[in-house]
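This report refers to the structure that appears directly beneath it.
The values are calculated or read from the model by the stated rules, or taken from the named source; none is laboratory data. Everything numeric here is computed off the predicted structure, so don't read it as measured data. Reconstructed Cβ throughout: ideal geometry from the backbone, glycine too, with neighbour counts over all protein chains shown. The protein model used for the area step is the full one, side chains on, heavy atoms only, and it has no ligands, DNA or RNA in it. Shrake-Rupley method; radii C 1.70, N 1.55, O 1.52, S 1.80 Å.
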Amino acid sequence: MGPNILLDVVSAVLDQPVTAGDLASSLHNARYTYLARLLHYRIATLPDPKDIEQCLTLLQELSEQAATDVLRSPAMCQLLRIGSGGEQSIKDLLKIAHATDSGQYLDAWSLLGDVWLGQDVPPGCLPLEYQDKRFCGPRLACGLPLDLSLPAALEIPSAGLQRPRLLSRHDTNYACECLDAAVEILETSSPLGHSIFSMLATNLVLRTETSRPSECWGATSGAAIGRIVVVNAAAAAHPKALAEVLLHEATHCAIDCAELSRPLVQWHAASTAGNTIPSPWTGNPLTPHAYIHACIVWVTLLEYWHCYRRLYGEDEISRARLLFIERGFKAMDGADHLGSMAGQMSDFAPQVVNLTRESARAAFSN
């Protein structure tokens, strides 16, 4: 296995060579450029000229940091990409950005969901810290904020939640401790993975799923790039397993950013219902798009566990994860998945899938 299969994959998606030093920044800039253009297009096509004028005025009055937060916001990304943001409009979100920037009070959460802008803390909320005349939520040691603005049941991504609940203050603090330890392991075991996590993740959403309390997993969505949901963080067997969850979702974020300019599937097939195959790893039904993402994610995690084993030695968890990933890739041998999905894929997508399979085979033969 090469040192960084993700570099080869992203280079193939972008159709240009990417180095370890510029991978995260290239994807970060691609995301901002795309969303900035889309924001201006959405504003220009608003039906009411007064709304257009007001939105442009709000934008022009934002500081550079506030304007950056607008583009970083998964809520804004969701609204721009799929037109879904509850009852909030682009103008509403820009008003929130303006209030955050100017210091005015507004009964709303900041665009990142980590700061309450009202004069009084909202009832029933996780206890917040009062800083600079604002009520601020928790952050990881690396600075990544928790999004407290969303209901217990999530829409994008749904994260497979069935009976979710919000975390208590004690559980939130403990989950953050677990996540801090996981980020440290990710930094040593996968520097490239840590770089995409630190640059592409915007905020974390923590949830407890009461129907599966002993399982820990994550979720992301290309419709709200930067939002990473972690479910039952405290249930992870070890910080190294939680680091896998973070890397798993950061890899999805990276490919989502790369796909903004070159999608992996044909536009008409992206949401084709019923066109699925079982995942070679989990058995869950996968669309062509999810299948390609899965190949990229699992070969990236394969590399992570190999690096972890070289640094810290083999243990029960790393051995089990490597065997799990290996079984999935070996299950793909002889299967004509690409043939059945060829009509839905972009021309370069088979190359991407083959890169992951070849890299996995090379790892198993060593």
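Structure summary
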{"item": "Region 244-330 - percent of accessible surface contributed by carbon and sulfur, probe 1.4 Å", "result": "55 percent"}
{"item": "Förster radius 30 Å - calculated FRET efficiency between residue 351 and residue 317, Cβ distance, rounded to 0.05", "result": "0.35"}
{"item": "Shape of region 70-174, Cα gyration tensor, a/c cut at 1.5", "result": "oblate"}
{"item": "Those lysines that a straight Cα-Cα span of less than 16 Å connects to residue 50, excepting residues fewer than 8 apart in one chain", "result": "91, 95"}
{"item": "Efficiency of FRET from Cβ geometry, residue 120 and residue 262, R₀ 35 Å, rounded to 0.05", "result": "0.15"}
{"item": "Local electrostatic count at residue 63 - Lys and Arg +1, Asp and Glu -1, tallied over other residues with Cβ under 13 Å", "result": "-4"}
{"item": "Global geometry of region 314-366, whether rounded, prolate or oblate, following the gyration tensor of its Cα atoms and the 1.5 cut on a/c", "result": "prolate"}
{"item": "Region 54-195, accessible surface, carbon-and-sulfur percent (1.4 angstrom probe)", "result": "49 percent"}
{"item": "The chain, relative contact order [Cα under 8 Å, separation at least 6], %", "result": "18 percent"}
{"item": "Fluctuation leader among 220, 202, 276 - the chain, Gaussian network, Cα springs under 10 angstrom", "result": "276"}
{"item": "Hz values of 3J(HN,Hα) by residue in region 125-135 - Karplus curve (6.51, -1.76, 1.60), Gly and Pro given as x", "result": "8, 3, x, 10, 9, 8, 9, 6, 6, 10, 9"}
{"item": "Residues of type aspartates and glutamates that residue 240 reaches as a straight line, Cα spacing below 18 Å, ignoring anything fewer than 8 places off in the same chain", "result": "177, 180, 184, 187, 215, 249, 303, 314, 315, 316"}
{"item": "Extension gain (nm, one decimal) between residue 19 and residue 198, 0.36 nm per residue minus Cα-Cα", "result": "62.7 nm"}
{"item": "Mean accessible surface per residue for region 235-366, computed with a 1.4 Å probe while every protein chain stays in place, in Å²", "result": "43 Å²"}
{"item": "Compactness of region 136-275 as Cα Rg over 2.2 N^0.38 Å, two decimals", "result": "1.05"}
{"item": "From the coordinates shown, P(r) over Cα pairs in 10 Å bins from 0, in percent corresponds to which of (1) 5, 19, 21, 16, 13, 11, 8, 5, 2, 1, 0; (2) 5, 23, 34, 29, 9, 0; (3) 5, 23, 33, 25, 11, 3, 0", "result": "(3)"}
{"item": "Whole-Å distance, taken between Cα centres, linking region 173-200 and region 225-263", "result": "10 Å"}
{"item": "Mean residue ellipticity (222 nm) of the chain, computed from DSSP H runs ≥ 4 via -39,500 (n - 2.57), nearest 500", "result": "-17000 deg cm²/dmol"}
{"item": "Label-point separation, residue 36 to residue 139 (7 Å along Cα→Cβ), nm", "result": "2.3 nm"}
{"item": "Label-point separation in nm, residue 53 to residue 214, each point 7 Å along Cα→Cβ", "result": "6.4 nm"}
{"item": "Under 5 Å, built H, 5+ apart or other chain: amide partners of residue 135", "result": "116"}
{"item": "Relative contact order of region 131-286, defined on C-alpha pairs under 8 angstrom at six or more residues apart (%)", "result": "22 percent"}
{"item": "Region 33-76 shape via C-alpha gyration tensor axes, a/c threshold 1.5", "result": "oblate"}
{"item": "Alpha-carbon centroid distance for the pair region 51-129 / region 294-354, whole angstrom", "result": "39 Å"}
{"item": "Residue 331-residue 63 pseudo-label distance in nm [points 7 Å out on the Cα-to-Cβ vector]", "result": "5.1 nm"}
